[in-house]
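What follows draws every value from the coordinates through simple rules; no lab data is involved. This is a predicted model, so every value here is computed, not measured. Neighbour counts are summed over all protein chains in view; Cβ atoms, including those assigned to glycine, are modelled from backbone coordinates with ideal geometry.
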Amino acid sequence: MQRVLVTGGAGFLGSHLCDRLLAEGYRVIAMDNLITGNTDNVAHNARDRHFEFVKYDVTQYLYIEGQVDFIFHFASPASPIDYLQLPIQTLKVGSIGTHKALGLAFARGAKFLLASTSEVYGDPMLHPQDECYWGNVNPIGPRGVYDEAKRFAEALTMAYHRYHSVDTRIVRIFNTYGPRMRLFDGRVVPTFIRQAIEGEPLTVYGDGSQTRSFCYVSDLIEGIFRLALCDYHEPVNIGNPNEMTVLEFAQIIRRITGSKSEIIFEPLPEDDPKQRQPDISLARRLLDWEPKVDIEDGIRQTIDYFRGRVSGARGRVGGKIPPTT
Ligand code: UDP
């Protein structure tokens, strides 16, 4: 039986990946320092003898007892407010954390998959974005801590592949949503759903004309799983090309929730990308993959997940996460 390590395994994407790997018959070690991850996301696997959880910071020296066949490096704060609050940790996990994870892969002869991001394209001048585009990133802007960390992580992954022959893969993940997102992670999907359920105004940043393309989490995990099994080493976009403006998205959330919430406009955060849509031609060709879940179904499933949580979270201060070292 193959044994895999998922860093960030208690996070939104990492935990869904753990579920998929367990279902496919792998033994899984989920590693997470729980800064933005939560053991609730993996609690349902606690009795599975093929599952282990390790609370650990991947930027520290990394040692895993026993066999390791594959490392999925998913650890990182990933929502804009998280990496604005945790800029140093974000830079460290993308750089030092990736170095440790690649070092472990090299030492054990394990395969390696890096969770990269559409943020490597920055505020893109090319639309839609294909993998050949080098991006338009402001290295010293507030988002630079995430964008540059992931760009460095890609460069390091390619270096380990070229110079140490580590069997690596890189997925560039576009906006993804679904159950296990944090209610207060500040991203547009949980924020609008929470606001709509609570009857609060939906806070559209800027004039809402900026675009995003939202992928349901099960589609994303399918694409990543196929990439893991495939012998291709350069970055591959995985996302849903269904592009819409943020204002259109607010209207969709109002309609599906049946909410009467008004829409209000707030200042656009610095360097907020004006447009984003994945070109998934490569994933279609290479992996025979494309997203299947339409936005209505995906949003309904996400709303079901959030409904129970909204009332419990009432009174909490939005967006705050505990201070860390
Ligand atoms: N956004 C918004 N209202 C919110 C949260 C986000 O209008 O309450 C916008 C944000 O400015 C961006 C888009 O929604 O243009 C997506 O933001 P998110 O934080 O989800 O992810 P990003 O794609 O920017 O990383």
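Scanning the stretch 165-175 for residues that are assigned to a strand (DSSP E or B), away from the ligand (no atom under 12 Å from the Cβ) and either free of Cβ contacts under 8 Å to residues at least 40 places away in the same chain or of a type in the set (A, V, I, L, M) (or both) turns up I170, V171.
Every residue, every condition in (1) in contact with a Pro (Cβ under 6 Å, 6 or more places away or on another chain); (2) away from the ligand (no atom under 16 Å from the Cβ), yes or no:
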residue	(1), (2)
N38	no, yes
H44	no, yes
F51	no, yes
Q67	no, yes
F72	no, yes
G97	no, yes
H127	no, no
V145	yes, no
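For residues that are more than 16 Å from the ligand (Cβ to nearest atom) and outside any helix (DSSP H, G or I), scanning just the stretch 250-291, find the one that is nearest to E200 (Cα to Cα). Please lay out each step first, then the result.
Our first condition is that a residue be more than 16 Å from the ligand (Cβ to nearest atom); within the stretch 250-291, this holds for 255-256, 258, 260, 279-291.
Among the residues that remain, those that are also outside any helix (DSSP H, G or I) are: 258, 260, 279-280, 288-291.
Details: G258: 13, K260: 9, D279: 35, I280: 36, D288: 42, W289: 38, E290: 35, P291: 31 Å.
Of everything passing the filter in the stretch 250-291, K260 is nearest to E200 (Cα to Cα).
Out of V145, V120, V137, I need the residue that is under 21 Å from V188 (Cβ atoms), crowded, with 19+ Cβ neighbours inside 10 Å and free of Cβ contacts under 8 Å to residues at least 24 places away in the same chain. Which one? It would help to see each step written out before you state the result.
Numbers: V145 fails: free of Cβ contacts under 8 Å to residues at least 24 places away in the same chain; V120 fails: free of Cβ contacts under 8 Å to residues at least 24 places away in the same chain.
That would be V137, the only listed residue that is under 21 Å from V188 (Cβ atoms), crowded, with 19+ Cβ neighbours inside 10 Å and free of Cβ contacts under 8 Å to residues at least 24 places away in the same chain.
Looking only at residues of the stretch 229-249 that are surrounded by fewer than 20 Cβ atoms within 10 Å (Cβ to Cβ) and assigned to a helix (DSSP H, G or I), we find that the one that is nearest to the ligand (Cβ to nearest atom) is L247.
Just checking, how many residues over the stretch 40-84 are of a type in the set (S, T, N, Q) and exposed (fewer than 15 other Cβ atoms within 10 Å of the Cβ)? Outline the logic, then answer.
Residues of the stretch 40-84 that are of a type in the set (S, T, N, Q), as a first pass: 41, 45, 59-60, 67, 76, 79.
Then keep just the ones that are exposed (fewer than 15 other Cβ atoms within 10 Å of the Cβ); that gives 60, 67.
Total satisfying the criteria: 2.
Among residues of the stretch 161-183 being over 14 Å from the mean Cα position of the chain (by Cα) and surrounded by 20 or more Cβ atoms within 10 Å (Cβ to Cβ), the one that is nearest to A283 (Cα to Cα) is R169.
Condition check ((1) away from the ligand (no atom under 13 Å from the Cβ); (2) aliphatic (A, V, I, L, M); (3) under 26 Å from G37 (Cα atoms); (4) within 15 Å of the chain's Cα centre (by Cα)) across all residues:
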{"position": "Y133", "(1), (2), (3), (4)": "yes, no, no, no"}
{"position": "E148", "(1), (2), (3), (4)": "yes, no, yes, no"}
{"position": "T157", "(1), (2), (3), (4)": "yes, no, yes, no"}
{"position": "T191", "(1), (2), (3), (4)": "no, no, yes, no"}
{"position": "L202", "(1), (2), (3), (4)": "no, yes, yes, no"}
{"position": "S209", "(1), (2), (3), (4)": "no, no, no, no"}
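Results for (1) under 30 Å from D297 (Cβ atoms); (2) free of Cβ contacts under 8 Å to residues at least 12 places away in the same chain; (3) within 11 Å of the ligand (Cβ to nearest atom), shown as yes or no for each residue.
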| residue | (1), (2), (3) |
| --- | --- |
| A105 | no, no, no |
| A153 | no, no, no |
| Y177 | yes, no, yes |
| R180 | yes, no, no |
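Scan the stretch 214-227 and give yes if some residue there is within 11 Å of the ligand (Cβ to nearest atom) and in contact (Cβ under 8 Å) with a residue 40 or more places away in the chain, otherwise no. Yes, because at least one residue in the stretch 214-227 is within 11 Å of the ligand (Cβ to nearest atom) and in contact (Cβ under 8 Å) with a residue 40 or more places away in the chain.
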